[in-house]
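The values are calculated or read from the model by the stated rules, or taken from the named source; none is laboratory data. For clarity, every value in this text was computed on a predicted model and none was experimentally measured. All Cβ positions, glycine included, derive from the backbone under ideal geometry; neighbour counts span all protein chains shown. Calculation scope for accessible area: heavy atoms of the full protein, side chains included, ligands and nucleic acids excluded. Shrake-Rupley method; radii C 1.70, N 1.55, O 1.52, S 1.80 Å.
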Amino acid sequence: MRVYKKNLSWIIMAAGLFFSSFIDSDGIADTLPTSKGMYDVLFQNHAGIEINLQDLKGKVVVINYWARWCAPCIAEMQALNQLYVELKSNKNIVFMAVDMDRSMNKAIRFMEKRKYSIPVYQINSPIPEDLATRSIPTTIILDKKGFLVNKHVGAMNFKSIKFKEALQQLSEEL
């Protein structure tokens, strides 16, 4: 199991997360034990173009599962979109707002009405257990090698400067 630098534990702690199975006694974040890296999962965007997580090797991937009717999803979406806007010039970070309603037209209208620009996707293949959830919102972060860095069920603090810095640092890691 590989260990991230101590300051990369920010990605978990700065977002208001602390799971003992993710962090050892020194506060150093570990890769989740079930993470296999480079997941073979297809997503489809509003134009019908499929993207496989395997094609995103070399990029940090931030996946947010959400729905239009989900109050916590709506509450965190503005901050998530702002983080996307601030980091979209970083070509090593990919954001995916995954519509769990599977109603792409309604999801796009929702985003347009609020002037959000984060890319919207739908799941287009089976999801491995590591990336699956029964609750939304859920946010998943994969590192540049495709390893699962964090899976958080519930709303996240996307406004955290330390969280933003940790994503940027992850995007620089080899």
Largest to smallest accessible area among 129, 165, 76 [probe 1.4 Å]: 129, 165, 76
Per-residue HN-Hα couplings for the range 100-105 [Karplus 6.51, -1.76, 1.60; θ = phi - 60°; Hz; x = Gly/Pro]: 7, 7, 6, 10, 4, 4
Nearest-10 value in Å² for the accessible area of residue 156, using the 1.4 Å probe: 20
Candidates per trypsin sites (Lys or Arg not before Pro) in the range 95-154, loop by DSSP, up to 10 other Cβ within 10 Å: 115, 134
Fraction of accessible area attributable to carbon and sulfur, the range 74-174 (%, probe 1.4 Å): 48
Full-extension gain in nm, residue 46 to residue 69, via 0.36 nm per residue minus C-alpha separation: 6.4 nm
Under Karplus coefficients 6.51, -1.76 and 1.60, residue-wise ³J(HN,Hα) of the range 64-73 in Hz, glycine/proline x: 10, 7, 8, 8, 5, 8, 8, 4, x, 5
Binned Cα-Cα distances of the range 90-163, short to long, each 5 Å bin given as a whole percent: 3, 12, 20, 27, 21, 13, 3, 0
